[in-house]
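Beneath this line is the structure, given in structure tokens, with notes to follow.
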Amino acid sequence: MVLVNCAVLLVFVITVAAFLIWAERKVAARIQDRLGPTRVGGRFGWLQSVADAIKVLTKEDIIPTQADPILFRTAPYLAFVAAFSWYIALPFSRNLVPARLEVAALFLLAVGSLEIYAILLGGYASGSKWSLIGGMREAVQVISYEIPLALCLAVPVILSGTMDLVAIGEHQRGGIWSWFMFRNPFSFLAFWVYVTAATASLNRAPFDLPEAESELVSGYMTEYSGFRWGAFMLSEYIAMFAISLLGAIVFLGAWYGPIPLTQPFGFGSDSANGFDDLLGALTVGMKAMLGVIVMIWVRWSLPRLRIDHVMTVCLKYCMPLAAAAFVGTLLWQTVFS
Amino acid sequence: MTPLRRLLEEESWEPVELRTEEIFINMGPQHPSTHGVLRLVLRARGEVVTEVVPYIGYLHRCAEKIGENVAAQQWIPYTDRMDYLAAMNMNLGWALTVEKLLGLEVPERGRHLRVILVELDRIASHLVAVGTYALDLGSFTPFMYCFREREKILNLFEWASGARLTYSFIAIGGARADLPSGWVEACHQFLDELGPALAEIHDLLTTNAIFVHRTAGVGVLAPSTAIAYGCTGPVLRGSGVAWDLRRVGEPIYSRMYQDYEFQIAAPDATGRYPDAAKLPSPPKKAVVGDCWHRYFVRMYEMEQSAKIVRQALDKYTASSGPVGQPIKHTHKLPRGEAYLETECPKGQMGFFVVGNDSPIPHRVRARSSSFCNLSVLSELCRGALIADIPAILGSLDIVLGEVDR
């Protein structure tokens, strides 16, 4: 059953990534007074990602002579696997869960860290100095930001008393004020730290230092081309959606809408029918999409931070704030419940 | 004794020393932020750069030698290709130099026309400088906004001269043609639209916290160093030296601007700009001579140039008569020499010409401001981070066509 789920999931995830790549181009274009893709597929360039995929697949496969051939080939697939593994434990609604894990939050943190290896390997194995610097930056940045990310993720875990994401979602039933983000001031703080740390651990602008186009050419991706480059690209968008989805589940009320409507609209109802699950999945998907759009918006508005600023933001601001949110939530729970 | 302690006290155990090495990194000539075909060799210790050596010459086209084989008027298109982002200014520099040698006087209307064109091109050049600077710092959108405004200038120039980049419009003796009818109104409309566009860029960059962090206090160029290296233009003025050839240049050049009201874009010792009440004030971290001030000088200068163009449009419309007659290709240059520097967007561009009783100059030489501004790069980049290299290089705003000629 898990295998079937995974196969369905793979198709779904790649479709979402293709949509996000198109969305990024369209949103970026709108922000920049451009039109973006307009032709492929008739209108709005909606088939642009398919055209891109065909282009990427038919490109010449180049492995630099200086590269370590095995590691160079492994890295992009490791990145893809790391990003995809998130979805195994991410629930879309009460019953739409590929694999319900008791320790889903812990599992996600663990597989999320795999991506560091992919980028570090890619950077190291490319045999190029730009790639190496990119890989090193990734190591420094992502390992640091994992700590505030984990601390923030602990806040909803404390609030619900479980690491099971389905149960965490169920705890947020009933309107916007039951969402974990609005439960107490500390969880509100934790949400914003989560947003920052998530953006940083995804290497999205303004934290896109590992690929920093204007400094490191393309960082760890400099020597990659064709399908391998495409795999890195795809995994970036897959991870983006995954981390937004996780944020939506643990902070933004999961599959429950902001207004508790009763039957037949499904939100917040008790019955466990397929229609409910579908609506729930749509709700959480829309929340996650909103998160991704915000990330795109931020990317096209802000300049890039410098490596020392990135570390300052992490060690001086994110870490203490996340710790404060963690301790504060603990105290809040002890005092008020 | 615990196993761990035994392990630590064993004699064979030695602390491992991490070996760090300096690496040489080749940045360019195919690098996204070297602004053309510039090659920098960085000596780096991790992310910290200890030495930067620029290598130039990838775009050398023997322009000066060509100038000694064609008539003075025929060399105008070659000046276009020096600073191709401000070709009008290049045309003017060469035209004025030869006019100085010939003792030629351009009619009043022609002078105002020239001011309109070069100041518009100064705005266009600074828009590219600011836009690509944002790009160097990883912000893509301001680049598009800058190019949208620049596009309007290029459209105006295309309307007047037929070309969008290499105009060859200002000629020795005047200009190729007068402005077409309706042009002045279109130019006024552009100037009206420029103000809000600049305010937008101020919002996106000047006051942006990340932008300030990346530029303020980075690459500080002391005024004495700037003068010692021969830096000119916004690079010199960013260091607080209020030196602008439009005010202090040779009479043949500064006379063009004598009736115009504008401020020299240079901060005083405290980092304040003259008449800048409406503009964002400098951040606390900013030091006079850093990347932020070099960037802001360009933003400030655009406003001043827009002011000059407005005045010039009025003066141009009020004046009558010809805009000047370009000299013929067979027009002989007298025996003698002339050198003239003009205030171009990138700095002081100088042209030198030696006449020999022949239409073809005996010797032609161009003194490039970008070349001098680039030479200070190694000084500024010592001890900077790798991410600062594009930030500093971008703030110098060089154009390789002019460095290599």
Revision key, fill the gap. Reduced to Cα centres, the span from the range B:83-129 to the range B:248-323 in Å works out to 16
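From the square roots a ≥ b ≥ c of the eigenvalues of the alpha-carbon gyration tensor of the range B:43-161, which class results: rounded (a/c under 1.5), prolate (a/b over b/c), or oblate?
oblate
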Exercise for review: For the range A:67-82 and the range A:105-148, write down the distance between their C-alpha centroids in whole Å.
Suggested key: 12
Review point. Can you give the charge dipole size of the range B:208-268 about its Cα centre, rounded to the nearest 20 debye, using +1 on the beta carbon of Lys and Arg and -1 on the beta carbon of Asp and Glu?
Key: 180
Review point. Straight-line reach from B:Lys332: which aspartates and glutamates have Cα under 18 Å away, leaving out those fewer than 8 places along the same chain?
Key: B:Glu68, B:Glu99, B:Glu105, B:Asp357
**Study point:** Two-site FRET efficiency, A:Val2 against B:Asn26, from Cβ-Cβ distance with R₀ of 56 Å, rounded to 0.05
**Key:** 0.70
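Please find the FRET efficiency linking B:Gln74 to B:Ser254, where r is the Cβ-Cβ separation and R0 is fixed at 35 Å, and quote it to the nearest 0.05.
It comes out at approximately 0.80.
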Point to revise | R0 of 22 Å, Cβ-Cβ distance A:Phe12-A:Asn95: FRET efficiency to nearest 0.05 | key: 0.85
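In peptide B:26-34, how many Cβ atoms from other protein chains are near each Cβ within 10 Å, on average?
Going residue by residue through B:26-34 and averaging, the value is 3.
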Exercise for review: Please give the length that would be gained between A:Leu106 and A:Phe188 if that part of the chain were fully extended, namely 0.36 nm times their separation in residues minus their C-alpha to C-alpha distance (nm, one decimal).
Suggested key: 27.4 nm
Check your understanding: In the range A:86-101, which residues have a backbone nitrogen under 13 Å from the label point lying 7 Å from A:Ala167's Cα in the Cα-to-Cβ direction?
Key -> A:101
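Of the listed peptides B:146-156, B:249-259, B:371-381, B:77-87, what is their order by residue-averaged count of other C-beta atoms within 10 Å, with the highest listed first?
Packing proxy ranking, top to bottom: B:77-87, B:371-381, B:146-156, B:249-259.
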**Study point:** Kyte-Doolittle at least 0.5, axis length at least 18 Å by Cα - qualifying DSSP helices, chain B
**Key:** B:87-102
Revision key, fill the gap. Measuring from the longest principal axis of the C-alpha atoms of chain A, the long axis of helix A:319-336 (C-alpha) lies at a number of degrees, nearest 10, equal to 10
Exercise for review: Under 17 Å Cα to Cα from A:Lys316, which aspartates and glutamates show up? Leave out anything in the same chain fewer than 8 places away.
Suggested key: A:Glu146, A:Asp308
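Between A:Leu278 and A:Leu57, what is 0.36 nm times their sequence separation minus the Cα-Cα distance? Round to one decimal in nm.
Contour length minus Cα-Cα distance gives 76.2 nm.
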Review point. Is the range A:188-337 rounded, prolate or oblate when judged by the Cα gyration tensor, a ≥ b ≥ c being the square roots of its eigenvalues, rounded requiring a/c under 1.5 and prolate requiring a/b larger than b/c?
Key: oblate
**Study point:** Simple label model, 7 Å out from Cα along Cβ direction - A:Phe19 to B:Cys62, nm
**Key:** 6.1
Study note, to complete from the structure: To the nearest 10 degrees, the tilt of helix A:114-125 (Cα long axis) against the first principal axis of the alpha carbons of chain A is 10
Check your understanding: Roughly how many nanometres apart are two label points built 7 Å out from the Cα toward the Cβ at B:His362 and A:Ala324?
Key -> 7.7
Review point. Between the helical axis of A:226-250 and the dominant principal axis of chain A, each derived from Cα atoms, what acute angle in degrees is found, rounded to the nearest 10?
Key: 10
**Study point:** Test item: A:292-305 mean partner chain Cβ contacts at 10 Å
**Key:** 4
Exercise for review: Could you work out, residue by residue across A:213-222, how many beta carbons of other chains sit within 10 Å of that residue's beta carbon, and then give the average as an integer?
Suggested key: 5
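Every number in this text was worked out from the coordinates using simple rules, so none of it is lab data. Please read all numbers here as calculations on a predicted model, not as lab measurements. No Cβ is skipped: glycine too gets one built from the backbone with ideal geometry, and neighbour counts run over all protein chains shown.
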